[in-house]
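Worksheet: one structure, shown below.
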Amino acid sequence: DDTNIFAKILRGEIPCQKVDECDHTLSFNDISPQAPTHILVIPKGSYIDMADFAANGSAEEQAAFLAAIGRVADQAGLAEGGYRIISNIGKNGHQEVPHLHMHILGGEPIGPMRAR
Ligand code: AMP
């Protein structure tokens, strides 16, 4: 699916607030932040979700994605206080955009895993 919003951001058709980029990843601020720091890390390849990426991403792309998550969190100053990473998959995971993305949330206590 090359019509989703992140595919458009990758093609430069829609702007984003970029915080980091490498050969295989792009990271930018979430447009509707759920925490003081809320950054999305996406692969440049058109993988739908983590399951697709795990099965079909190259070792180089997978390593770059993991490295980007750590680098972005460090650069955002989240390492000491801690943070949460989340990747939603499919309907039950409440995934809205069908291009793999990792949410990085931090800057305050993020609370329990699920609201009860
Ligand atoms: P998910 O529900 O895991 O698919 O999350 C999609 C995320 O993309 C949400 O947190 C949205 O706020 C975010 N989002 C949607 N459009 C944009 C955009 N143009 N720039 C940055 N973030 C966006």
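The values are calculated or read from the model by the stated rules, or taken from the named source; none is laboratory data. This is a predicted model, so every value here is computed, not measured. For neighbour counting, all protein chains shown are included, and Cβ atoms are generated from backbone atoms with ideal geometry for every residue, glycine included. Note: accessible area is taken over every heavy atom of the protein model, side chains too, but ligands, DNA and RNA are not part of it. Shrake-Rupley method; radii C 1.70, N 1.55, O 1.52, S 1.80 Å.
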Filter segment 62-97 for residues that are open to solvent by 70 Å² or more (accessible area, probe 1.4 Å) and of a type in the set (Ser, Thr, Tyr) and give the result.
83
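Hey, can you tell me all the residues within segment 19-30 that are in a loop (DSSP other than H, G, I, E, B) and open to solvent by 80 Å² or more (accessible area, probe 1.4 Å)?
23
Would you check if residue 45 is open to solvent by less than 80 Å² (accessible area, probe 1.4 Å), in contact with an Asp or Glu (Cβ under 7 Å, 6 or more places away or on another chain) and more than 21 Å from residue 113 (Cβ to Cβ)?
Yes: the conditions hold for residue 45.
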Selection count where residues are farther than 20 Å from residue 4 by Cβ, free of Cβ contacts under 8 Å to residues at least 24 places away in the same chain and assigned to a loop (DSSP other than H, G, I, E, B), scope segment 52-76:
1
Test each condition in (1) without any contact (Cβ under 8 Å) to a residue 60 or more places away in the chain; (2) in a loop (DSSP other than H, G, I, E, B); (3) surrounded by fewer than 17 Cβ atoms within 10 Å (Cβ to Cβ) for residue 100 and report the one that comes out false.
(3)
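Could you please give the count of residues in segment 36-52 that are among the charged types (D, E, K, R) and away from the ligand (no atom under 11 Å from the Cβ)?
2
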Would you be able to tell me the number of residues in segment 11-41 that are among the aliphatic types (A, V, I, L, M) and free of Cβ contacts under 8 Å to residues at least 60 places away in the same chain?
4
If you go through segment 53-61 one residue at a time, do you hit one that is within 12 Å of the ligand (Cβ to nearest atom) and either in contact with a His (Cβ under 6 Å, 6 or more places away or on another chain) or open to solvent by less than 90 Å² (accessible area, probe 1.4 Å) (or both)?
no
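Please enumerate the residues belonging to segment 42-51 that are out of contact with any strand residue (DSSP E or B) (no Cβ under 9 Å at 6 or more places or on another chain), in contact (Cβ under 8 Å) with a residue 40 or more places away in the chain and of a type outside the set (Val, Ile, Thr).
Listed by number, the residues that qualify are 46, 47, 49.
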Residues that are of a type in the set (A, V, I, L, M) and under 12 Å from the mean Cα position of the chain (by Cα), drawn from segment 49-60:
50
From 15, 33, 109, residue being surrounded by fewer than 16 Cβ atoms within 10 Å (Cβ to Cβ), part of a loop (DSSP other than H, G, I, E, B) and more than 15 Å from the ligand (Cβ to nearest atom):
109
